[in-house]
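Take a look at the structure set out below.
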Amino acid sequence: MHLIVRGRQSDWGRAFGFTSPRQLSAVLMALGVTLIVLPIAWYLGFLSVQVMEMFRLRAVPQPSIQVLQTTVAAGSQVFLAFLAVVVAPVTEELLFRGILYPFIKQRGYPRLALWGTAVLFGALHLNLMTFVPLTFLGLVLAWLYDTTDNLLAPIFAHSLFNTANFLRVIVENLNWNWMTIGFGTLLAGCAVVGFLIYLRKRKGTERLEAQRSPDE
C-alpha cells in the first residue's frame, strides 16, 4: 500500500483524506451510521441463519467467534479484541475502501466498484452466516467513504461495528432484550446522522447568504 501511495506521488494523509479539516464530522458520521447499521446487520444475520436452516445448511460462526465463545482466558480475549477492533478495521479498510474501491471507480465502473468490493469483502470472511450482513456493511462503508471523503470514517465505523459484536459475544449469556437494544441504537444513530445533515445544510445556507450579501 505504501508503494502504491508513493507511486501516485502522494502521501497517506492526502491519499486517504486523513488531512481533511472535517475530522470530527467524519467521526461523528461514522458513529451515527454504525448505530443504524448494527441492528440491521444483526437482523440480516438472523435471516441468514433461518434461510440456511431451510436448506439444511449448518450455521457455523466464524472461527474467531468460536474461540471467543469457548475460551475464558483473558489473554486470548484481549488478543482477539485487538485483532477485531484495531488490526482488521485498519487493514481491511485500507485494502477495500482505500485501494480497490477508488481504483475500480476511477476506471469508470462505479457500480462494479461499490458492489464488487462489498461482495468480495463479505466473501473474504469465508462464512455463509455472515456473508449477507458483511456485504451490507461493505456497501455502507463505501458510501461513508464517499460521503466524508475521509478513510478515517469507515475505519472508525468498522472498528465500532466489530467492538459491538465482540461485546455481544462476551455478554450473550446474559438475558438481555436485544430487540430493544437494537431499536435504541437505530434511533440514536438516526438522531446523530440527522443532526449532522442539519448542521451541514445550515452551514451551506449561511455560506450562500454570505456570498450574496456583498452583491446586495
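The values are calculated or read from the model by the stated rules, or taken from the named source; none is laboratory data. This one's a predicted model, so the numbers in the text were calculated from it and none came from an experiment. As a convention, Cβ positions derive from the backbone with ideal geometry for all residues, glycine included, and neighbour counts pool all protein chains shown.
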query: In segment 65-84, how many are more than 13 Å from ILE170 (Cβ to Cβ) and either modelled with pLDDT of 80 or more or in contact with a Pro (Cβ under 8 Å, 6 or more places away or on another chain) (or both)?
result: 4
message: Contact list please: Cβ distance under 8 Å, first residue in segment 143-164 and closer than 10 Å to GLY17 by Cβ, second residue crowded, with 20+ Cβ neighbours inside 10 Å and among the charged types (D, E, K, R), pairs at least six apart or on different chains.
response: TYR145/ARG97; LEU151/GLU93; LEU151/ARG97
message: Residue under question is ASP215, and the condition is that it be at pLDDT 85 or above and either assigned to a helix (DSSP H, G or I) or over 12 Å from the mean Cα position of the chain (by Cα) (or both); does it hold?
response: no
task: Return yes when THR117 is assigned to a helix (DSSP H, G or I) and without any contact (Cβ under 8 Å) to a residue 40 or more places away in the chain and no when it is not.
output: yes
- request: Within segment 190-210, count every residue that is under 19 Å from ILE36 (Cα atoms) and more than 27 Å from the chain's Cα centre (by Cα).
  value: 0
query: What's the number of the condition ALA157 fails, among (1) small (Gly, Ala, Ser); (2) surrounded by 14 or more Cβ atoms within 10 Å (Cβ to Cβ); (3) not in a helix (DSSP H, G or I)?
result: (3)
field: Hits in segment 181-212 (condition: modelled with pLDDT under 85 and among the polar types (S, T, N, Q))
entry: THR205, GLN211
